[in-house]
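*Asks:* I have a structure I would like to understand better, so I am pasting it below and will then ask my questions one at a time.
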Amino acid sequence: MIKKLKKNTTGTDYFVGDIHGCYEQLMEALVKIKFNANTDRLISVGDLVDRGPDSVKCLNLLKELWFHAVSGNHEDMMVRTFRRQWPSDNYMRNGGRWFFHLPYEQQEELVLLADTKMPLVIEVETDIGIIGVIHANAPDDWQKYHRLNNDKDFFDDNLVEDTIWGRRRIYGNQSGRVKGIDYVVVGHTPVEDVTVLENIVYIDTGAVYNNSLTILSVDEVVNYVGKVV
């Protein structure tokens with residue numbers, strides 16, 4: 001459930017918004033920031049797939065040591081569709097048509113990749129504290145994830161679903177700082193520009209809709225939150 005990344009002592013950690021198959025746009029953005037795959041790391045808020053032209057290439061980034069990603073709702077749909085737990089016509093309407101053009105063996109490989117390489121939560125250790133990464137909506141208390149991760153008798157379907165699909169905070173139906181974590185970076189809901197609510201930073205700026213792909217360094221995340229704290 002939780003993937004923990006130790007402090008990067010050799011390079012810079014970056015956070016990227018929903019990529020949605022926009023592989024070339026991502027590569028161009030990495031060139032612009034002079035990303036060094038030998039020392040830097042890129043942490044994604046999920047939704048690597050669907051709507052854009054290169055979902056397979058984006059999923060295959062999970063094989064790179066410098067790339068890390070949490071599960072988004074589009075990966076959730078892909079996995080559940082493959083397992084016949086989600087209506088295939090609904091997934092196709094939401095950008096998943098590419099998946100059905102692949103041979104079964106490749107579908108199976110990509111589902112396994114997403115299932116094993118995309119946790120619900122990533123925690124990144126930095127000089128300024130812990131930055132939590134999830135796809136959609138954060139709970140009031142981050143420690144709920146640790147209980148979910150460590151207590152075999154505890155499972156909260158609503159917490160998992162809300163983390164991957166929820167929009168209550170960005171729609172104004174939930175407020176307040178997320179306790180138990182210093183900063184939280186999320187995607188899922190397209191925003192015109194980076195948006196900050198308390199200690200949460202929203203970075204899905206709609207790259208697949210001909211908008212910019214947002215990539216923020218650790219320092220930039222801190223600076224955004226610092227403007228509103």
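Residue-wise test of (1) open to solvent by less than 60 Å² (accessible area, probe 1.4 Å); (2) modelled with pLDDT of 95 or more; (3) within 16 Å of MET1 (Cα to Cα).
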{"residue": "LEU110", "(1), (2), (3)": "yes, yes, no"}
{"residue": "LEU120", "(1), (2), (3)": "yes, yes, yes"}
{"residue": "ILE128", "(1), (2), (3)": "no, no, no"}
{"residue": "ALA138", "(1), (2), (3)": "yes, yes, yes"}
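Residues checked against (1) open to solvent by less than 10 Å² (accessible area, probe 1.4 Å); (2) under 26 Å from VAL191 (Cα atoms); (3) in contact (Cβ under 8 Å) with a residue 12 or more places away in the chain:
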residue: LEU59; (1), (2), (3): yes, yes, yes
residue: THR81; (1), (2), (3): no, no, yes
residue: GLN107; (1), (2), (3): no, no, yes
residue: GLY132; (1), (2), (3): yes, yes, yes
residue: PHE154; (1), (2), (3): no, no, no
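*Asks:* List the helices (runs of 4 or more DSSP H) inside segment 1-98, counting only whole elements, that have at least 2 residues being within 17 Å of the chain's Cα centre (by Cα) and of a type outside the set (Lys, Arg).
*Replies:* Answer list for segment 1-98: 23-32, 55-60, 73-82.
*Asks:* Can I ask one more? Across segment 180-217, what is the total count of residues that are surrounded by fewer than 23 Cβ atoms within 10 Å (Cβ to Cβ) and assigned to a helix (DSSP H, G or I)?
*Replies:* Within segment 180-217, residues that are surrounded by fewer than 23 Cβ atoms within 10 Å (Cβ to Cβ) and assigned to a helix (DSSP H, G or I) number 2.
*Asks:* Something else now. Suppose we filter segment 28-57 for residues that are open to solvent by 50 Å² or more (accessible area, probe 1.4 Å) and over 24 Å from TYR91 (Cα atoms); how many remain? Give the steps one after another, and end with the answer.
*Replies:* Residues of segment 28-57 open to solvent by 50 Å² or more (accessible area, probe 1.4 Å): 28, 31-34, 36-38, 51, 53, 57.
Restricting the remaining residues to those that are over 24 Å from TYR91 (Cα atoms) gives 28, 31-34, 36-38.
Looking only at that region, the number is 8.
*Asks:* If a residue has to be assigned to a strand (DSSP E or B) and touching a residue at least 60 places away in the same chain (Cβ under 8 Å) to count, how many in segment 134-152 make the cut?
*Replies:* Just the residues of segment 134-152 that are assigned to a strand (DSSP E or B), to begin with: 141.
Add one more test, that the residue is touching a residue at least 60 places away in the same chain (Cβ under 8 Å), and what stays is none.
Residues that pass the stated criteria total 0.
*Asks:* Also, I was wondering about something else. Going by what's in this entry, would GLY72 be described as on the phi < 0 side of the Ramachandran plot and touching a Ser or Thr at 6+ places or on another chain (Cβ under 6 Å)? Write out each step before concluding.
*Replies:* Working: on the phi < 0 side of the Ramachandran plot: yes; touching a Ser or Thr at 6+ places or on another chain (Cβ under 6 Å): no.
No: the conditions fail for GLY72.
The values are calculated or read from the model by the stated rules, or taken from the named source; none is laboratory data. All figures in this text were calculated on a predicted structure; none of them were measured in a lab. Positions of Cβ are generated from backbone atoms using ideal geometry, with glycine treated the same way; all protein chains shown enter the neighbour counts. Remember, those area values only see protein heavy atoms, side chains included, never the ligands or the DNA or RNA. Shrake-Rupley method; radii C 1.70, N 1.55, O 1.52, S 1.80 Å.
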